[in-house]
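Here's the structure, in structure tokens; my notes come after.
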Amino acid sequence: MGSFNSRARPSEHQPPPTRRSLLSSARGTAAPAARPEDERLSAGRTVAYGFQHVLTMYGGIIAPPLVMGGAAGMGTAEMGVLVASCLFIGGLATFLQTLGLPFFGAQLPLVQGTSFSGVATMIAILNGGGGMPAVFGAVLASGAIGIVIAPFFARLLRYFPPVVTGVVITIIGVSLFPVTADWAMGGATAGEDYGSMKHIALAAITLVILLVLSKSGVPALSRLSILLSIVLGTVVAAFMGMADFSQVLEGDIFAFPTPFAFGAPVFEIGAIISMMIVILVTYTETTADMLAVAEITGSKVDSKRIANGLRADMLSSTVAPIFNTFTQSAFAQNVGLVAITGVKSRFVVAAGGGILVVLGLLPVLGRVVASIPAPVLGGAGIVLFGSVAAAGIRTLAKVRDDNMNMLIIATSLAFGCIPMVKPDFYATFPAWVGTIFQSSISSATIMAVLLNVIFNELTRKKQAELSPRTVYKYQTEGLQDGDRMIDGKLYDGQGLEIRVISEEYGAAGDRPMPPL
């Protein structure tokens, strides 16, 4: 650890009082520090920004139930149950993550929803003969186990310094580029028109609208640029004959998810073990999302908060099968929305969770959102997902420029890109290897953590063992786990610079500052 340049008396380890703290003391009241994520907006803006979050992740949250329903050979009505259930539970999970309960919820602006990382494993369980009850049983059991082991995983936070978090945040953004490209080309429902110029043109028009609104100079338009570009893009699509709302009124107006609609869960040991691997992948991705949104918002995240967030994930995943849906996790694309709009409030995301609950109870509203053409979402996604990658690059800019860190960054990013550029790379590997490394986020995270331990952690530990230097205990009392000196400046575990106070008190009895 480098030098900590504050000098204090034995009884004075706190920084000099500020004018605000002195005034608060004089009034007999405390002045608690407001967290960026606790910002409160007007009701109208809260709902509007929350709706942006829903539009951003809607396609992603309904994808897993659609894929699973298709694999199970379900009809339209049964597929509708899966979709409504995933929206309903996603909204409740978002409430838990953003608002929080004791020991549950990171209280960060994170949207929760059905994770796509477990789809391959769940299809394997489905095809194993157990059917959907075996899938739900495996999800329920693995989620319950996940609640217990979440705090142990959270203790690994010290292995996520800026060189690791920068890689992870960057790869989160990069891994979403194929999604927005697919949307821009028409999405899964495009049929023979997939990739046609009219689809790409619509995506380009939406992108231009977004950029113009962002550059308008009007704060309200700039912050709502994502939502407004999607609405205006849909209007353009209607004039182009590419928006179809004919099926919006078909089906139930109101429907409450029926518990165990597909039968009681069946618990199979092999299926549960397979889903536990998925849980570890979910841990990695959710931890990365929490660190990413903390970096963007300037929030403080420690191992306790990470554990609370992971427990919320797992509690939601345990309840999800009861209401006919699957493992829950944070959505990376919504991290990009936080970055691009600058709206850090967790209450905005909670409002989005409320909208998801309503969509789950009112399928007719869900059908309206589902009718938004994929190219419109693709045009907006270019900015959304690109901003996530840009946030990661900004974090990497804080990393010490040396050969070891460059090697970590280069290898981890390349490793994380393998599943994107060559999806069948792990086809001949054992199934558990594919489950873990088929995720670009998991691949990059595992490689970055491993290389950081080898090239940085072990090296620093060895240097510390050989170093004859010592410091007084009082000099380190202001430090916290993960703090480190880089290029003469002190940074915390999230890469944020810590102000070092160097006033000379000069009073009798001061302990001398030894050379470090």
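Every Cα-Cα pair of segment 166-218 was included, and the share exceeding 17 Å stands at 53 percent.
For segment 386-436, chymotrypsin sites (Phe, Trp or Tyr not before Pro) meeting the loop criterion (DSSP other than H, G, I, E, B) and having at most 16 other Cβ atoms within 10 Å: PHE425. Each peptide among 99-108, 41-50 gets the average number of other Cβ atoms lying within 10 Å of its residues, and from highest to lowest they stand as 99-108, 41-50.
Proximity of backbone amide H atoms, modeled 1.01 Å from N, is registered between ALA106 and GLY309 at under 5 Å, excluding neighbours fewer than 5 places apart on the same chain. Nonpolar atom fraction for segment 168-251, defined as the carbon and sulfur part of the 1.4 Å probe accessible area, stands at 69 percent. Protein-only accessible surface at a 1.4 angstrom probe places the residues PHE153, PHE331 in the order PHE153, PHE331, largest first.
Which of rounded, prolate, oblate describes segment 258-322, given a ≥ b ≥ c as roots of the alpha-carbon gyration tensor eigenvalues and a/c under 1.5 marking rounded, otherwise prolate only if a/b is larger than b/c? Note, shape of segment 258-322 comes out prolate. Based on Cα contacts under 8 Å between residues 6+ apart, segment 247-337 shows a relative contact order of 38 percent. Against the empirical 2.2 N^0.38 Å (N residues), segment 181-310 has a Cα radius of gyration ratio of 1.55. The spacing between segment 213-251 and segment 287-305, judged by their C-alpha centroids, is 31 Å. From a point 7 Å beyond the Cα of ASP424 in the direction of its Cβ, which residues of segment 114-129 have a backbone N at a distance under 13 Å? Zone members listed by number: none at all. Taking loop as defined by DSSP and a crowding limit of 14 other beta carbons within 10 Å, which chymotrypsin sites (Phe, Trp or Tyr not before Pro) in segment 182-250 fit? Listed in order of number, the matching sites are TYR194, PHE245. The Cα center of segment 379-419 and the Cα center of segment 79-95 differ in position by 32 Å.
All distinct Cα pairs of segment 375-466 go into the 1/r average, and the inverse of that average, the Kirkwood radius, is 15.3 Å. Remark: segment 44-112 carries 31 Å² of accessible area per residue (probe radius 1.4 Å; ligands, DNA and RNA excluded). Taking all C-alpha pairs of segment 83-207, those more than 16 Å from each other amount to 79 percent. The gain in end-to-end length when the ILE498 to ASP402 segment is fully stretched comes to 32.4 nm, 0.36 nm per residue minus the alpha carbon separation. Here the extension length gained between ALA181 and PHE245 equals 20.7 nm, from 0.36 nm per residue of separation less the Cα-Cα distance.
The values are calculated or read from the model by the stated rules, or taken from the named source; none is laboratory data. All values derive from a computational prediction rather than experimental measurement. Glycine also receives a Cβ, built like all others from the backbone with ideal geometry; neighbour counts cover every protein chain displayed. With ligands, DNA and RNA removed, areas are computed over all heavy atoms of the protein, side chains included. Shrake-Rupley method; radii C 1.70, N 1.55, O 1.52, S 1.80 Å.
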